[in-house]
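What follows is a set of notes on a single structure, which appears directly below.
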Amino acid sequence: MGALLSYLAEVANGSTNDPGLGDIPESCVACVFLYLTPPQICNLARLNRAFRGAASSDSVWQSKLPSNYQDLLDLLPPQRYQNLSKKDIYALLSRPVPFDDGNKVEVWLDRITGKICMSISAKAMSITGIDDRRYWNWISTEESRFNVVAYLQQIWWFEVDGMVKFPFPADIYTLTFRLHLGRFYKRLGRRGCSFEHTHGWDVKPVRFEMSTSDGQQAAHEFCLDENRFIDVSEHHKRGCWIEYKVGEFFVNESGSTTEIRFSMKQIDCTHSKGGVCVDSVFIVPSNLKERKT
């Protein structure tokens with residue numbers, strides 16, 4: 001392997017008389033790039049001029065963009081993408097694009113696969129009792145991509161609902177809720193967690209549901225807390241962010257708008273519950289979610 005890398009370096013530098021990488025036509029290099037990921041293309045662009053030229057080809061980056069990338073561009077002011085190359089458009093869409101005026105929903109392209117991902121803030125959801133400070137508070141934090149999470153102190157009827165419409169490209173998608181047991185804080189630069197209000201989540205499970213406009217449905221139930229008699233230091237669910245998978249849905253045709261409704265509920269009023277942070281909902285291609293896991 002080391003000898004091969006040394007040889008390729010010599011070829012790229014033109015220090016050998018044998019035909020080298022510099023002799024490959026740019027059009028041929030571009031054809032090879034069609035089968036590589038964007039990070040691989042950017043790394044190879046440093047080899048020589050032909051590779052660098054192919055790595056900037058619109059035909060290469062057009063193949064990496066999703067079929068509905070224009071829908072994402074339409075969310076931005078025209079002056080931000082006019083006269084940009086396809087490579088620059090890919091880089092632009094790899095950063096979060098606000099989906100609404102209130103910056104409550106973001107979409108972006110995964111840098112490696114070019115697939116569309118979405119995150120929906122708790123601010124965009126309907127939360128029972130959210131306007132009553134006795135029950136809920138908004139907490140500013142750097143641990144959320146939206147810089148704010150909803151913190152529940154105590155309530156009997158726990159219900160969070162949301163809905164989004166978007167022209168997702170054809171694929172299989174996973175929807176998850178991102179939650180955190182306990183109230184986190186920073187003191188003297190160190191992260192800490194308070195479980196003063198955390199209770200009731202080990203009595204009965206929370207029901208997570210989702211449905212789509214074409215009739216797909218999914219539901220799961222999870223106990224958010226471990227048995228209350230376990231020592232706090234041994235809890236695996238407290239003090240960290242956990243994504244709870246609600247289910248998967250299929251998009252068969254690109255271009256059509258899909259409506260997704262989602263919720264989580266624990267409405268047994270025989271006991272109260274509290275001490276949980278609600279951050280967001282993620283909608284991510286399922287194979288991408290599995291790769292990251």
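The values are calculated or read from the model by the stated rules, or taken from the named source; none is laboratory data. Being a predicted model, the structure only gives us computed values, none of them experimental. Cβ coordinates were reconstructed from backbone atoms using ideal geometry, including for glycine residues, and neighbour counts include every protein chain displayed. Protein only, heavy atoms only, side chains kept; ligands, DNA and RNA dropped before computing areas. Shrake-Rupley method; radii C 1.70, N 1.55, O 1.52, S 1.80 Å.
Data table
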{"read-out": "Candidates 194, 256 - the one that is more than 23 Å from residue 158 (Cβ to Cβ) and at pLDDT below 95", "value": "256"}
{"read-out": "Filter pass, residue 81 being among the aromatic types (Phe, Trp, Tyr), at negative phi and surrounded by fewer than 19 Cβ atoms within 10 Å (Cβ to Cβ)", "value": "yes"}
{"read-out": "One residue from 143, 209, 196 being part of a strand (DSSP E or B) and in contact (Cβ under 8 Å) with a residue 12 or more places away in the chain", "value": "209"}
{"read-out": "Residue match in the range 23-39 (condition: assigned to a loop (DSSP other than H, G, I, E, B), at pLDDT below 85 and in contact with a helix residue (DSSP H, G or I) (Cβ under 9 Å, 6 or more places away or on another chain))", "value": "yes"}
{"read-out": "Boolean, residue 90 is hydroxyl-bearing (Ser, Thr, Tyr) and open to solvent by 30 Å² or more (accessible area, probe 1.4 Å)", "value": "no"}
{"read-out": "Number of positions in the range 108-129 that are of a type in the set (A, V, I, L, M) and touching a Ser or Thr at 6+ places or on another chain (Cβ under 8 Å)", "value": "4"}
{"read-out": "Flag if residue 290 is at pLDDT 95 or above, acidic (Asp, Glu) and exposed (fewer than 13 other Cβ atoms within 10 Å of the Cβ)", "value": "no"}
{"read-out": "Restricting the range 52-78 to residues that are out of contact with any helix residue (DSSP H, G or I) (no Cβ under 7 Å at 6 or more places or on another chain) and part of a loop (DSSP other than H, G, I, E, B), the residue that is surrounded by the most Cβ atoms within 10 Å (Cβ to Cβ)", "value": "66"}
{"read-out": "Residues located in the range 104-127, provided they are open to solvent by 40 Å² or more (accessible area, probe 1.4 Å) and not aliphatic (A, V, I, L, M)", "value": "104, 111, 113, 115, 123, 126"}
{"read-out": "Pairs, first over 28 Å from residue 185 (Cα atoms) and assigned to a loop (DSSP other than H, G, I, E, B) in the range 261-280, second open to solvent by less than 30 Å² (accessible area, probe 1.4 Å) and not β-branched (Val, Ile, Thr), C-beta under 7 Å, six or more apart", "value": "267/158"}
{"read-out": "Selection from the range 146-180 of residues that are without any contact (Cβ under 8 Å) to a residue 40 or more places away in the chain and either among the hydrophobic types (A, V, I, L, M, F, W, C) or surrounded by 15 or more Cβ atoms within 10 Å (Cβ to Cβ) (or both)", "value": "148"}
{"read-out": "Residues that are closer than 27 Å to residue 269 by Cβ and open to solvent by 60 Å² or more (accessible area, probe 1.4 Å), drawn from the range 128-140", "value": "131, 133, 134, 135, 138"}
